Amino acid sequence: MSKADSGRFTVGVFKDVLSAEKGIDALKDHGFPADALSIVAKQEKETAALVERVFGRPAESRELPGIGVVLAAGSLVEALEGSERDLSHVGLSAAMRRVGFQPHDGQIFEALTLRGGVLVAVRGEARAADALATLHNYGGGNAAIGAWSGRL
């Protein structure tokens, strides 16, 4: 298991692209830079536009077990892949263990993404509570902080 970013992500799932866009704008307004953000969502035209606006480049398209084709961008995706390409082989639910989430959390994130939700993650332990509050305040369902490194 990679330790580079393990346990340093706060994750929430927004009900749709419009809600995710508002949440991401709020995160940016609260000082979270684009390079601290990640997005995973089913492949749709609106999702592609959101990813391009946030990151200034197109998202990667990939097939995930349990969800299907998604657009994914950001450091969460890199952490979930690891050296064994876990994300593409075992899916979002199982791969979330790489960043400190319990299996049931991964199952919830996967189910909400499958239903059309937009998963937004924020990298960084120092302001994890701020990220969690912002995700909650702007509709990021099931928002949670992965187990912080060295604390469990």
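Table for the structure above
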read-out: Among the candidates Gly74, Gly56, Gly68, residue that is of a type outside the set (Lys, Arg) and over 24 Å from Lys22 (Cβ atoms); value: Gly68
read-out: Residues located in segment 97-126, provided they are polar (S, T, N, Q), closer than 15 Å to Val40 by Cα and surrounded by fewer than 18 Cβ atoms within 10 Å (Cβ to Cβ); value: Gln107
read-out: Unique residue being of a type outside the set (S, T, N, Q) and touching a Phe, Trp or Tyr at 6+ places or on another chain (Cβ under 7 Å) when the list is Ala59, Ala111, Ala34, Ala94; value: Ala34
read-out: Segment 51-96, residues that are surrounded by 14 or more Cβ atoms within 10 Å (Cβ to Cβ), in contact (Cβ under 8 Å) with a residue 60 or more places away in the chain and of a type outside the set (A, V, I, L, M, F, W, C); value: Ser75, Glu78, Gly82
read-out: Residue satisfying all of: in segment 1-15; hydroxyl-bearing (Ser, Thr, Tyr) and surrounded by fewer than 20 Cβ atoms within 10 Å (Cβ to Cβ); modelled with the lowest pLDDT among these; value: Ser2
read-out: Unique match (being at pLDDT below 90 and among the charged types (D, E, K, R)) among Asp105, Asp130, Asp86; value: Asp86
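The values are calculated or read from the model by the stated rules, or taken from the named source; none is laboratory data. Since this is a predicted model, take the numbers as computed values, not measurements. Backbone-built Cβ (ideal geometry, glycine too); neighbour counts: all protein chains shown.
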